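Since every read-out is calculated from the coordinates, none of them should be taken as a lab result. All values derive from a computational prediction rather than experimental measurement. Neighbour counts are summed over all protein chains in view; Cβ atoms, including those assigned to glycine, are modelled from backbone coordinates with ideal geometry.
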Amino acid sequence: MPRILMTGACGGIGTSLRKLLPPIYPDLLLSDLKAPADLSSQETFKAADLSDLGQVEALCEGVDGIIHFGGYSVEGSWNDILQANIIGGYNLFEAARRQGVKRIVFASSNHAVGFYPRHRKIDNDVQPRPDGRYGVSKVFGEALGSLYADKHGLKVTCIRIGNFGDKPLDRRRLSIWLKPDDLIQLCRIGLEHPDIHFEVLYGASLNERAWWDNQRAYDLGYRPTGRAEDFREHAFAEQTKLPADPIGDYFQGGAFCSTEFDGDT
Ligand code: 15L
């Protein structure tokens, strides 16, 4: 039975996946800076600060595969992003190498490519166009994954997650929504598929308005079940509550693009 480590256990995605993963991976080790308040006696938890290599190395001992959701998950100050995502990302890959971990699923983000305009459909070969310091840290994480796959033989899958949740929250999210069960499928591909070397996949459900060509994920067996259009009315109703954002509406990354923006469209 493989031992799977999931970092970021207290984050939005980690909180949801903590409940969904145990039937698939019963030997699940959870980690974050502090234990979740509702940690049950059935769960195994070890605290670690990603910016401390020694702590991350201790965490990786005896682990076969990692799902890395830890770190900063939105735009932040340079120092926060530097500690949690740049240094933390390096520590995670390096600790995994030192401890002989075989596979890593890295939670990348749509914000690694957020400055592509919405009228352009992109695949997983496009060059990065990060839309902030957070997006840059995700590009860095993908680059680390590529390096550790090519140089050290780790099997690495980067998932450019759109917007994870039970339903799409607004018009933009109709294009990038990711249902929890579909993320589980992508994680399983990364942790189990025999053909993985280094992959970049899009974390998106069955979204008719998708801006991403996710053929590679489908080739690896991905069969999403979440249909964004089933929630169209809800998403459009929520959209009316948001302030106008012409810059954000032009780019795939939305408000991550319009924040601090003084460029050209
Ligand atoms: C992300 O990468 C964030 O982690 C999440 O909080 C959302 O903002 C999401 O992107 C999004 O683009 O909607």
Exercise. Cβ-Cβ below 6 Å, separation at least six or inter-chain, first residue in region 1-16 and farther than 23 Å from K167 by Cβ, second acidic (D, E) and not in a helix (DSSP H, G or I): which pairs?
Worked result: M1/D27; P2/D64; R3/D27; R3/D64; A9/D32
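Matching residues to (1) touching a strand residue (DSSP E or B) at 6+ places or on another chain (Cβ under 7 Å); (2) within 28 Å of A84 (Cα to Cα); (3) part of a strand (DSSP E or B); (4) not aromatic (F, W, Y):
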{"position": "G141", "(1), (2), (3), (4)": "yes, yes, no, yes"}
{"position": "A149", "(1), (2), (3), (4)": "yes, yes, no, yes"}
{"position": "L186", "(1), (2), (3), (4)": "yes, yes, no, yes"}
{"position": "R209", "(1), (2), (3), (4)": "no, no, no, yes"}
{"position": "Y222", "(1), (2), (3), (4)": "no, no, no, no"}
{"position": "F236", "(1), (2), (3), (4)": "no, no, no, no"}
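Is it the case, given these coordinates, that D150 is surrounded by 17 or more Cβ atoms within 10 Å (Cβ to Cβ), among the acidic types (D, E) and either more than 14 Å from the ligand (Cβ to nearest atom) or under 17 Å from E199 (Cβ atoms) (or both)? Steps first, please.
On the way: surrounded by 17 or more Cβ atoms within 10 Å (Cβ to Cβ): no; among the acidic types (D, E): yes; either more than 14 Å from the ligand (Cβ to nearest atom) or under 17 Å from E199 (Cβ atoms) (or both): yes.
Spelling it out, it is not the case that D150 is surrounded by 17 or more Cβ atoms within 10 Å (Cβ to Cβ), among the acidic types (D, E) and either more than 14 Å from the ligand (Cβ to nearest atom) or under 17 Å from E199 (Cβ atoms) (or both).
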Seminar exercise, completed: Taking region 36-64 and keeping only residues that are in contact (Cβ under 8 Å) with a residue 24 or more places away in the chain and closer than 26 Å to D166 by Cβ, one is left with P36, E43, F45
Exercise. For region 154-178, what are the residues that are assigned to a loop (DSSP other than H, G, I, E, B), more than 10 Å from the ligand (Cβ to nearest atom) and buried (at least 22 other Cβ atoms within 10 Å of the Cβ)?
Worked result: L154
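I need the full set of residues from region 91-147 which are within 16 Å of the ligand (Cβ to nearest atom) and either hydroxyl-bearing (S, T, Y) or surrounded by fewer than 16 Cβ atoms within 10 Å (Cβ to Cβ) (or both), in order please.
Step one: list which residues in region 91-147 are within 16 Å of the ligand (Cβ to nearest atom), which gives 105-118, 122, 128-142.
Answer for region 91-147, where residues must be within 16 Å of the ligand (Cβ to nearest atom) and either hydroxyl-bearing (S, T, Y) or surrounded by fewer than 16 Cβ atoms within 10 Å (Cβ to Cβ) (or both): S108, S109, Y116, P117, R118, Y134, S137.
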Problem set entry | S73, sole failed condition from (1) within 16 Å of the ligand (Cβ to nearest atom); (2) surrounded by fewer than 16 Cβ atoms within 10 Å (Cβ to Cβ); (3) part of a loop (DSSP other than H, G, I, E, B) | (2)
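Would you check if D150 is acidic (D, E) and touching a residue at least 60 places away in the same chain (Cβ under 8 Å)?
Details: acidic (D, E): yes; touching a residue at least 60 places away in the same chain (Cβ under 8 Å): no.
Judged against the criteria, D150 is not a match.
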Seminar exercise, completed: Across region 81-128, the tally of residues that are within 26 Å of A48 (Cα to Cα), under 18 Å from the mean Cα position of the chain (by Cα) and among the charged types (D, E, K, R) stands at 1
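Conditions tested, residue by residue: (1) surrounded by fewer than 13 Cβ atoms within 10 Å (Cβ to Cβ); (2) not in a loop (DSSP other than H, G, I, E, B).
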site	(1), (2)
P23	yes, no
P26	yes, no
S31	no, yes
A37	yes, no
S41	yes, no
K46	no, yes
S51	no, no
G54	yes, yes
E57	no, yes
